[in-house]
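To start, the structure under review is shown below, and the notes come after it.
Read-outs: derived from the displayed coordinates by stated rules, not from any lab. Since we're looking at a predicted model, the values are computed, not measured. Note that we place each Cβ from the backbone using ideal geometry, even for glycine, and neighbour counts take in every protein chain shown.
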Amino acid sequence: MNTDRRWRILLIVVLAAVSGGGLVYWLPERARHLATPQKMALPEADVPAYSGELHERFQQAAVMLHAGQNEYALAALQRVLELAPQMPEAHVNAGFALVELRQPALAAEHFQTAIELRPAQANAYYGLALVYESVGDLTSALGAMRTYTHLSPPDAPHLRRALAAIWEWQRQRDIPRGTEQRPIRDAVKDTGGVDS
């Protein structure tokens, strides 16, 4: 490859990187914002796009999720998904409702669908991690939660909880079965020590 061609390629790569960075900087807040694992309400910027019954049902579902009325929230979200099957936020919220209703397989399907629709849907990974943990698959739970932490902004409200879960699951996964530490009080009793 001649030197002139190398310089042209380098110039193209640099221009692409600079313009790509500018594009990311100037994207509207709605596009740059990564969702958090809290039950979501439609962002105000999305209200015109999601109007009428769809908007009303989604908002009802969000209120019901916050109130712990997971069955009612799920019913509202099913209607939302009839109206807008490609809405990742509805799949995520349905997943969280199903986690609370102890239906991990169905919850996982909704989280996976949300991820397929929008790979950067951070709270879908958070929910998927909870599903994996609930069925005892700590390796997959760790992977999903790590993805959540990578996609989340540094000030995400659930980031500390996610990091704590990663630490705890890593510790649980790395301790071989049957070798878990017993409480100190039990160990002292076994050695004839003083019981306080």
Original post:
When Lys and Arg each count +1 and Asp and Glu each count -1, what net charge do the other residues less than 14 Å away from Ala164, Cβ to Cβ, add up to?
Top reply: +2
Original post:
Tally Lys/Arg at +1 and Asp/Glu at -1 over every other residue whose Cβ is under 12 Å from the Cβ of Tyr125; what's the total?
Top reply: +2
Subject >> log10 of Debye I(q)/I(0), alpha-carbon scatterers only, for segment 37-175 at 0.09, 0.14, 0.21 Å⁻¹ >> reply: -0.26, -0.61, -1.26
Original post:
Among Arg146, Arg171, which comes first, then next, by fewest other beta-carbon atoms within 10 Å?
Top reply: Arg171, Arg146
Original post:
How would you order 150-156, 95-101, 75-81 from highest to lowest mean count of nearby Cβ atoms within 10 Å?
Top reply: 95-101, 75-81, 150-156
Original post:
Summing +1 for each Lys or Arg and -1 for each Asp or Glu, what net charge is found among the other residues whose Cβ lies under 15 Å from the Cβ of Gln78?
Top reply: -4
**OP:** May I ask you to evaluate 6.51 cos²θ - 1.76 cosθ + 1.60, the Karplus curve with θ = phi - 60°, for each residue of segment 107-124 and list the ³J(HN,Hα) values in order in whole Hz, giving x for glycine and proline?
**Re:** 4, 4, 4, 5, 5, 5, 4, 4, 5, 5, 6, 9, x, 9, 6, 4, 5, 5
**OP:** Tabulate in residue order the Karplus-calculated ³J(HN,Hα) for segment 52-64, using 6.51 cos²θ - 1.76 cosθ + 1.60 with θ = phi - 60°, rounded to whole Hz; enter x for Gly and Pro.
**Re:** x, 4, 4, 4, 4, 5, 5, 5, 4, 4, 4, 4, 5
Original post:
Do you know the relative contact order of segment 37-175, to the nearest whole percent, from alpha carbon pairs under 8 angstrom that are 6+ apart?
Top reply: 17 percent
**OP:** Among Thr139, Thr149, rank each residue by its count of other Cβ atoms within 10 Å, from fewest to most, as a rough exposure measure.
**Re:** Thr139, Thr149
